[in-house]
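Below is one structure, written out as structure tokens; the observations come after it.
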Amino acid sequence: MAKTLYIDYQKCTGCRLCELVCAVFHDGISNPARSRIKVMKWESEGLYIPMSCQQCQDAPCMNVCPVKAISRDEELGRIVVDYDVCIGCRACVAACPFGAMNFNAKDKQVFKCDLCDGDPQCVRFCEVKAIEYLEVDDMSIYKKRDAATRISVAGKEAVALQAAM
């Protein structure tokens, strides 16, 4: 069964360790620009959101590739780039609605999360467990539980506020 990254941005502390281990694993260099996961930061709000490839079912990057260098690996449920076929046109970079496709100007190649061949390093090294590697079917259960918790907390706060008036 396919697995994907589940990111709980509310747990993310903005340490960016996920970016570093990703870059080291894939390119042997501690350079966040080479990472397949990017932490978007809003410092003043204390909000950090790790962004990565969503491994879309109807992947825009795959659909737009003029040479069909991007395909789905059914075994791991991920979108992969065949670098022997890729011409570096960057149409996939423009098409990705999440900004998860990147282009390395030095190597002249596009790159994206490949789930580390089934052992995502960002998951292994995230100390606060903001990133998990879950079965796709289980993700909706986690999201429903998180949403229900937020609604419950908001409801309790509203009742307490109304009682205080």
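Cysteines in the chain lacking any other cysteine Cβ under 4.7 Å from their own Cβ: C12, C15, C22, C56, C65, C86, C89, C96, C116, C126. For the chain, take the longest principal axis of its alpha carbons; what is the angle in degrees between that and the long axis of helix 136-164, to the nearest 10 within 0 to 90? Rounded to the nearest ten degrees, it is 30. The alpha-carbon atoms of the stretch 1-83 define a convex hull whose volume equals 129 cubic angstrom per residue. Rounded to the nearest 500, the helix-only mean residue ellipticity at 222 nm of the chain stands at -10000 deg cm²/dmol, with each DSSP H run of n ≥ 4 adding -39,500 (n - 2.57). Longest stretch of the chain clear of exposed loop sites (GluC sites (Glu not before Pro), DSSP loop, at most 12 other Cβ atoms within 10 Å, sites excluded): 1-73. Across 5 Å bins from the origin, how do the percents of Cα pairs in the chain run, short distances first? Each 5 Å bin holds this share of Cα pairs: 1, 8, 15, 18, 19, 15, 9, 5, 3, 2, 2, 1, 0, 0.
Relative to the longest principal axis of the Cα atoms of the chain, helix 17-27 runs at roughly 10 degrees.
Annotation for the stretch 99-134: trypsin sites (Lys or Arg not before Pro) lying in DSSP loop with at most 15 further Cβ atoms inside 10 Å of their Cβ are K106, K108, K129.
Quick note: the coordinates plus some simple rules give every number you see, no bench work behind them. Worth saying up front: this structure is predicted, and the values here are computed from it rather than measured. Note that each Cβ is placed from the backbone with ideal geometry, even for glycine, and that neighbours are counted across all protein chains shown.
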